[in-house]
1. Is there any pair with a first residue in the range 73-95 that is at positive phi and a second that is at pLDDT below 95 and open to solvent by 30 Å² or more (accessible area, probe 1.4 Å) whose Cβ atoms are under 7 Å apart and which are 6 or more apart or on different chains, and what are they?
2. Can you give me the number of residues within the range 112-124 that are open to solvent by less than 50 Å² (accessible area, probe 1.4 Å), out of contact with any Lys or Arg (no Cβ under 8 Å at 6 or more places or on another chain) and not hydroxyl-bearing (S, T, Y)?
3. Filter the range 107-124 for residues that are among the hydroxyl-bearing types (S, T, Y), out of contact with any Asp or Glu (no Cβ under 8 Å at 6 or more places or on another chain) and part of a strand (DSSP E or B) and give the result.
4. Which one is modelled with the highest pLDDT, of the residues in the range 7-50 that are among the charged types (D, E, K, R) and over 17 Å from S63 (Cβ atoms)?
5. Name the single residue that is least open to solvent (accessible area, probe 1.4 Å) among those in the range 91-106 being in a loop (DSSP other than H, G, I, E, B) and over 23 Å from G8 (Cβ atoms).
6. Tally time: how many residues in the range 61-79 are surrounded by fewer than 19 Cβ atoms within 10 Å (Cβ to Cβ) and closer than 22 Å to T121 by Cα?
7. Would you be able to tell me the number of residues in the range 26-59 that are part of a strand (DSSP E or B) and open to solvent by 50 Å² or more (accessible area, probe 1.4 Å)?
Amino acid sequence: QVQLVESGGGLVQAGGSLRLSCAASGRTFSSYAMGWFRQAPGKEREFVAAISWSGAITYYADSAKGRFTISRDNAKNTVYLEMNSLKPEDTAVYYCNGRSGTIQALRKADFASWGQGTQVTVSS
């Protein structure tokens, strides 16, 4: 299983931007579809964005579409989430995770473990 370390979160005003990073270990990283998920206080974890192994295909939740951009650098074993026009409802702990195969496989995956996540807080 890939080891994941999320970073880049912080406190930002509404309308601001953040870039999250997910550093992954494992020699099979480049073959993994990767995704970002988030969990707000009192809420269930939800899907945010995903990217295929090559980076050619991306997919976003409606809440993220048009504001967030997921990208990856396989040479650095890192996945990014650029978040623009942040809203208070984006406040959550953000996690990344991966699955060998397609974005569809990632969306269906029952992940055995998660990283520590990174806190994003958007003030009104």
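1. Matching pairs, first to second residue: N77/S25.
2. 2
3. T121, S123
4. R19
5. The first filter runs over the range 91-106 and keeps only residues in a loop (DSSP other than H, G, I, E, B), leaving 91, 101-102.
Of the ones still in play, those that are also over 23 Å from G8 (Cβ atoms) are 101-102.
Values: G101: 31, T102: 80 Å².
My answer is G101.
6. Going through the range 61-79 one residue at a time, the tally reaches 8.
7. Residues of the range 26-59 that are part of a strand (DSSP E or B), as a first pass: 32-39, 46-51, 58-59.
Okay, now just the ones that are also open to solvent by 50 Å² or more (accessible area, probe 1.4 Å), so 39, 46, 58-59.
Selection size over the range 26-59: 4.
The values are calculated or read from the model by the stated rules, or taken from the named source; none is laboratory data. Only a predicted model underlies this, so the values are computations on that prediction, with no experimental measurement involved. We place every Cβ from the backbone using ideal geometry, glycine too, and count neighbours over all the protein chains shown. The protein model used for the area step is the full one, side chains on, heavy atoms only, and it has no ligands, DNA or RNA in it. Shrake-Rupley method; radii C 1.70, N 1.55, O 1.52, S 1.80 Å.
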